[in-house]
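Taking it in order: structure first as structure tokens, then the write-up.
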Amino acid sequence: MTSSDGPSVAARAVPRAPGEPRSTAPAGEGVPTRRRATVHPGAWWLWAISLGTAATRTTNPLLLALLVAASAYVVATHRSAAPWARSYTAFARLALAVLLVRLVFATVLGSPIPGTHTLLTLPEIPLPHWAQGIRLGGEVTAEALVFAAYDGLKLATLLICVGAANALASPSRLLKSLPGALYETGVAVVVALTFAPHLIADVQRLRAARRLRGRPDRGIRGLLQVGLPVLEGALERSVALAAAMESRGYGRTAEVPARVRRTTAALTLGGLLGICAGTYGLLTAEGGGYGAPLLLAGTAAALAGLRLGGRRSLRTRYRPDPWDTRAWLVTGSGVAVAALLTLASARAPEALHPGVVPLTAPTLPLWPAASVLLALLPALVVPRERS
Amino acid sequence: MIRFEKVSVTYDGAARPSVRDVDFEVPEGELALLVGPSGVGKSTVLGAVSGLVPHFTGGTLGGRVTVAGRDTRTHKPRELADVVGTVGQDPLAHFVTDTVEDELAYGMESLGLAPDVMRRRVEETLDLLGLAGLRDRPIATLSGGQRQRVAIGSVLTPHPRVLVLDEPTSALDPAAAEEVLAVLQRLVHDLGTTVLMAEHRLERVIQYADRVVLLPAPGAPPVMGTPTEVMAVSPVYPPVVALGRLAEWSPLPLTVRDARRKAAPLRDRLADAPARPEPGAGVPGEDRRATPPAAGRGSGRLFRRRPAPGPRQPHPADAHALTVRRDRVTALHRVNLTVAPGETIALMGRNGAGKSTLLSTLVGLLEPTTGTVTVGGATPHRTPPRELIRHVGLVPQEPGDLLYADTVATECAAADQDADAPPGTCRALLSRLLPGIADDTHPRDLSEGQCLALALAVVLTARPPLLLLDEPTRGLDYAAKARLVTALRGLAAEGHAIVLATHDVELAAEIAHRVVLLAEGEVIADGPTAEIVVSSPSFAPQVTKILAPQRWLTVAEVQEALG
């Protein structure tokens, strides 16, 4: 296995001469994942989602900042050089925008938080009586702003955690772990997702081309004029991709007896109905008795349907990511953070939700802060990817 | 292995069939080349092999196509996926996954091969195509040649018995093209794969072909034979065949090596012939050319420039110590370039050497990181677009990017308006460049050559003294290329300075006065065409290689010298 060659091999390697000794590839069974010292993408997503969950448990800016710092450190040390890893920056910008928008709204539209420290007074625009409850302008208090900042920071942290998941494991890698019956749908979704980045690239190219025609390349009119060519181009590319996928065997299915097909349909539909009815039962007051068993039965039937449906699919998996000890550790560290913060918010709500009225400086609660640091565990147990 | 029986294809809404009476057979283990002018239905024939025509494209297929005994009428493309591998013109449109290794495995996953078989074949294919160092790389970061090899590899892993390729080398630089062709030849020789490919650049591929299928004209039945037989009658042929026909060599040579063996008498005749003219000679307005005829020949080391008449005008383009950095990569490094009026410069170099970046900087699409660039005295990225088009015009790699309107007529009218030119200017230019384009055609329905002509006319409407072209011959057949050469020579004679980035050595030999070679963003050679290309094995045109050590560049020159 030539795994040690790495990207240092000349970018344009010449095909080997026939006589040259060729490295023999080991067969698939039991091959250690020496090259792919990566963690199951599902583990990264669970870790990131858990951190996001933890972020929703608190409004303490110090804890939130600690969460962001911990996830950012892991991303900085473990993201690959791949283009999708750059999405982290985009998510960070989005988070910042969310925070700013939240603050602007609190300033302009006022806030229900009663405050005494007036920072400035905007001219208030009187609104007709049917718009009661909405205020434009007026007093802006420090309490309202601080509350908005805490709230915005919570949302921003959540977004940054999702960005971390994107940077550490591309969604299409996650796709490989989907059950066979859902794979084809998954591919369609992922291909649709790549549509947007391509569209943006096209818009940039065509706006540049406008400059070559002597027209201004900025402004909304420029955007509108390239709209149609961009859509045409995107459509053409989609058709070309569909043709390529078709000729590469996408959608090949195995012959399945009619009986199995009917059973699959019945199980899936019945299972979904069961899940709906069971959820309804659980949520309503009088359905407590039948809710839980119906939900369980429905889930079981739907899973069986999926499994049976997988028979129609011929697909095999090339080097599926194994769920190993590292994956458990990564997931575990995330879940632990979420669980500990949930526990802390129940035990000591005042430390995790610093008071706004009256204004107090937030303090760093020791035990919750220590538990947030658990999120750094992946940085220690997962070896770095080669860049 | 591939058998066409009386095949005709009529697309929905078309008045007449795109191809008719196509009847040929490609035996197992042969490399067959599909040639013909643009628009004769080469892509349709290729699509019929993989079943995409008619299952995916629609239309009516008459006759019968069988591949490895399977009838494409009853087998959908996905059911042929295990015997036919198809690579289209644009490898980027072909990729489904993100990384090289996953892409190689994708086809096999669809076919449901066992994991250990997949693993073995991926490793074999990585070695076969020299991709082992790229296995983890995201596809988006690969160069053109690497992408093409990954695309070929991705259809190779299911071990198809037939490989269908549409213009596999047209976007590649000469070295990368040879790399891809070497791989194909190895597949044919070692694995017995049957290959059917269409390619416009015959000088690159003809020597690898076992047989040639020629579609001489739209709707005409194909001619089938060995390369030598077909090239004797073909309307499209590479320079080596053109020289062979001129010198009446029989049998016709197809490779430089064969031609050199026969060329000794021709070299003797040419040695006595009158002095070799410079490229671009014989063009009307020769006296206005920037090159004094003696400058490029013999002792002329430097390209002397005639002083500009009257008050000294700024150069059409002037770059000094130009450095451009994009995404933390240095695309250009301390490039100096001066372009004189009436001069034609060919920018050459590998894919990714910085040719397109240099052109983009000259039209102000990119800002120099350090150094200066001026076009006609103006700084491109600070000049408003309306003003800039009077100094410089660029025809991008995809000429269609310049076109927005629904019809050719409105496109031309818009161009007149953009350039403040009298109405009808653009249309007149277009008719001069390429007659016979109807006013009401949609720009997307134009052929590659027509689209290029329209984009060129649009750019020329503002009369820019400097004209830039990025890969103008991609997808053009020899006839369209010859028309382009005539048009560009005419423009140079009128005093337009032309800079073209190209991989096409034959084009450079035909029209360029000067060649600038770029490598990794630096200028590594800059001088008269004859001196630069003769000294480089990969950038020398075929005629130069055949007649070395004499310095001839094109068949036209040889013909003129012989009288």
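The values are calculated or read from the model by the stated rules, or taken from the named source; none is laboratory data. All values derive from a computational prediction rather than experimental measurement. Virtual Cβ from ideal backbone geometry, glycine too; neighbours counted across all protein chains shown.
For this structure, a couple of remarks:
- Sub-9 Å Cβ pairs linking a first residue in segment B:36-52 that is farther than 13 Å from B:V67 by Cα and within 14 Å of another protein chain (Cβ to nearest Cβ) to a second residue that is of a type in the set (F, W, Y) and surrounded by fewer than 23 Cβ atoms within 10 Å (Cβ to Cβ), at least 6 apart or interchain, are B:T44/B:Y11, ordered by first then second residue.
- The residues of segment B:56-83 that are buried (at least 23 other Cβ atoms within 10 Å of the Cβ) and not aliphatic (A, V, I, L, M), listed by number, are B:T72, B:P77.
- For segment A:148-166, the candidate set comprises residues that are more than 14 Å from chain B (Cβ to nearest Cβ) and over 30 Å from A:T107 (Cα atoms); within that set, the residue that is surrounded by the fewest Cβ atoms within 10 Å (Cβ to Cβ) is A:A165.
Per-residue answers, yes or no, for (1) touching a helix residue (DSSP H, G or I) at 6+ places or on another chain (Cβ under 8 Å); (2) of a type in the set (F, W, Y); (3) closer than 27 Å to B:L215 by Cβ; (4) part of a loop (DSSP other than H, G, I, E, B):
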residue	(1), (2), (3), (4)
B:P464	no, no, no, yes
B:L488	yes, no, no, no
B:G495	yes, no, no, yes
B:G527	no, no, no, no
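- Exactly one residue among A:A208, A:A181, A:A201, A:A169 is crowded, with 17+ Cβ neighbours inside 10 Å and farther than 30 Å from A:L314 by Cα, and that residue is A:A208.
- Residue check, A:A327 in a helix (DSSP H, G or I), buried (at least 18 other Cβ atoms within 10 Å of the Cβ) and either more than 27 Å from the chain's Cα centre (by Cα) or at pLDDT 90 or above (or both): yes
- If the condition is being within 26 Å of B:F539 (Cα to Cα) and surrounded by fewer than 19 Cβ atoms within 10 Å (Cβ to Cβ), then segment B:183-202 contributes B:Q185, B:R186.
- Of all residues making up segment B:339-357, the number that are part of a helix (DSSP H, G or I) and of a type in the set (S, T, N, Q): 2
- Answer residue from segment B:469-523, given it is among the acidic types (D, E) and within 22 Å of B:S38 (Cβ to Cβ) and is surrounded by the most Cβ atoms within 10 Å (Cβ to Cβ) among those: B:E510
- Test: residue in segment B:142-158 that is among the small types (G, A, S), at pLDDT below 90 and surrounded by fewer than 21 Cβ atoms within 10 Å (Cβ to Cβ): yes
- Residues of segment B:166-181 satisfying the condition of being modelled with pLDDT of 90 or more and either more than 22 Å from B:V45 (Cβ to Cβ) or part of a strand (DSSP E or B) (or both): B:D166
- Screening the candidates A:L94, A:L136 for the property of being under 22 Å from the mean Cα position of the chain (by Cα) and at negative phi yields one hit, A:L94.
- For first residues located in segment B:2-17 and under 8 Å from B:R64 (Cα atoms), partners that are crowded, with 18+ Cβ neighbours inside 10 Å and lie 6+ apart or on another chain with Cβ distances below 6 Å form the pairs B:F4/B:V22; B:F4/B:F24; B:F4/B:V65; B:V7/B:V22; B:V7/B:V65.
- Any hit, segment B:371-382, residues being more than 24 Å from B:T169 (Cα to Cα), away from chain A (no Cβ under 14 Å), of a type in the set (G, A, S) and assigned to a strand (DSSP E or B): yes
- Taking every residue in segment A:89-108 that is in the same structural domain as A:S71 (by TED's automatic domain parsing) and pairing it with any residue that is of a type in the set (S, T, N, Q), at least 6 positions away or on another chain, the pairs with Cβ-Cβ distances below 9 Å are A:A90/A:N166; A:F91/A:N166; A:A95/A:T157; A:F105/A:S111.
- When segment B:502-550 is filtered for residues that are farther than 11 Å from B:M348 by Cα and acidic (D, E), the ones remaining, listed by number, are B:E506, B:E510, B:E520, B:E522, B:E531.
- Taken over segment B:208-241, the criterion of being surrounded by 20 or more Cβ atoms within 10 Å (Cβ to Cβ) and not in a loop (DSSP other than H, G, I, E, B) is satisfied by B:V212, B:V213, B:L214, B:P227, B:V230, B:M231, B:P239, B:V240, B:V241.
- Selection status of B:R137, of a type in the set (D, E, K, R), at the interface with chain A (Cβ under 7 Å from one of its Cβ atoms) and surrounded by fewer than 24 Cβ atoms within 10 Å (Cβ to Cβ): yes
- Of all residues in segment A:37-69, those being small (G, A, S), crowded, with 24+ Cβ neighbours inside 10 Å and within 17 Å of A:L155 (Cα to Cα) number 3.
- Identification of helices (runs of 4 or more DSSP H) wholly contained in segment A:38-126 with 1 or more residues that are under 27 Å from A:R319 (Cα atoms) and within 14 Å of chain B (Cβ to nearest Cβ) yields A:41-56, A:87-109.
- Restricting segment B:154-165 to residues that are within 11 Å of chain A (Cβ to nearest Cβ) and under 24 Å from the mean Cα position of the chain (by Cα), the residue that is nearest to B:E25 (Cα to Cα): B:V164
- For segment B:105-145, a residue qualifies if it is more than 18 Å from B:H94 (Cβ to Cβ) and among the β-branched types (V, I, T), and exactly one does: B:V117.
- For segment A:330-347, a residue qualifies if it is at pLDDT below 90 and out of contact with any Lys or Arg (no Cβ under 6 Å at 6 or more places or on another chain), and the qualifying residues are A:A346, A:R347.
- Residues within segment A:250-268 that are more than 15 Å from A:R307 (Cβ to Cβ) and either out of contact with any Lys or Arg (no Cβ under 8 Å at 6 or more places or on another chain) or assigned to a helix (DSSP H, G or I) (or both), tallied: 5
- Any hit, segment A:244-254, residues being polar (S, T, N, Q), buried (at least 18 other Cβ atoms within 10 Å of the Cβ) and in contact (Cβ under 8 Å) with a residue 12 or more places away in the chain: no
- Pick from segment B:96-112, criterion among the hydrophobic types (A, V, I, L, M, F, W, C) and surrounded by 23 or more Cβ atoms within 10 Å (Cβ to Cβ), ranking: nearest to A:R248 (Cα to Cα): B:M108
- Test: residue in segment B:7-29 that is under 27 Å from the mean Cα position of the chain (by Cα), assigned to a loop (DSSP other than H, G, I, E, B) and within 18 Å of B:A68 (Cα to Cα): no
- Among the residues making up segment B:113-122, those that are surrounded by fewer than 20 Cβ atoms within 10 Å (Cβ to Cβ), within 7 Å of chain A (Cβ to nearest Cβ) and either within 25 Å of A:T253 (Cβ to Cβ) or modelled with pLDDT under 90 (or both) are B:A114, B:P115, B:D116.
- Against the criterion of being at the interface with another protein chain (Cβ under 9 Å from one of its Cβ atoms), over 30 Å from B:Q417 (Cβ atoms) and at pLDDT 85 or above, A:A254 does not qualify.
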